[in-house]
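Report on one structure; see the data block that follows.
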Amino acid sequence: MLHIQIPGREEMTLSHLILDYNGTIAEDGEIIEGIRPRLAELAKELSIYVITADTHGTAAKKCEGLPLQVLTFPTTEVGRIKADEARKMAGGVIAIGNGFNDIQMSDAADLSICVIGREGCCGALLAHTDVVVTSIEDALDLLLKSGRLRATLRT
């Protein structure tokens, strides 16, 4: 469980991390270098899930050996499903994504981060997130080094 104190706000208590796959932790279907050790470190404090429409059909295989659970929903309803999964999780949810199908999940999360990576991001998602970063490494480092979040979200 992560406890993050943001000046001027109530302490955040977070237990779950939901990640999109393609465009977020993966580029062209391949997990981005440097992500595995960060996820291993975060798994000490959080339950981690990859929820994806799985554009390339490889998410489960590519995530083998990572301390997370992959939930694949190759459907046009994946946005609603991601939000439903986030709502089911008790104890505080962090959502990280880059696509249109991440909007509802971001709205359902306690803390949401949009990644504008090499595959871009959906412009509409920006209005539904708490923090916007330019790499998944930066997004995960916000959680590993919570002082960064304090500086960004303080009142």
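The values are calculated or read from the model by the stated rules, or taken from the named source; none is laboratory data. Bear in mind that the values here come from a model prediction, so they are computed numbers and not experimental data. Quick reminder, even Gly has a Cβ in these numbers, built from the backbone with ideal geometry, and neighbours come from all protein chains shown.
When you go through Thr52, Thr24, Thr129 one by one, which is the residue that is surrounded by 19 or more Cβ atoms within 10 Å (Cβ to Cβ), within 13 Å of the chain's Cα centre (by Cα) and modelled with pLDDT under 95?
The unique qualifying residue is Thr52.
Whether any residue in the stretch 55-68 is in contact (Cβ under 8 Å) with a residue 24 or more places away in the chain, over 22 Å from Gly29 (Cβ atoms), surrounded by fewer than 19 Cβ atoms within 10 Å (Cβ to Cβ) and in contact with a helix residue (DSSP H, G or I) (Cβ under 7 Å, 6 or more places away or on another chain) is what I want to check.
No - not one qualifying residue is present in the stretch 55-68.
Which condition breaks for Arg87 when tested against (1) under 23 Å from Leu2 (Cα atoms); (2) buried (at least 24 other Cβ atoms within 10 Å of the Cβ); (3) more than 9 Å from the chain's Cα centre (by Cα)?
Arg87 satisfies all of (1) under 23 Å from Leu2 (Cα atoms); (2) buried (at least 24 other Cβ atoms within 10 Å of the Cβ); (3) more than 9 Å from the chain's Cα centre (by Cα) except (2).
Confirm whether Thr55 is within 28 Å of Gly8 (Cα to Cα) and not in a strand (DSSP E or B).
Here the answer is no, as Thr55 does not meet what is asked.
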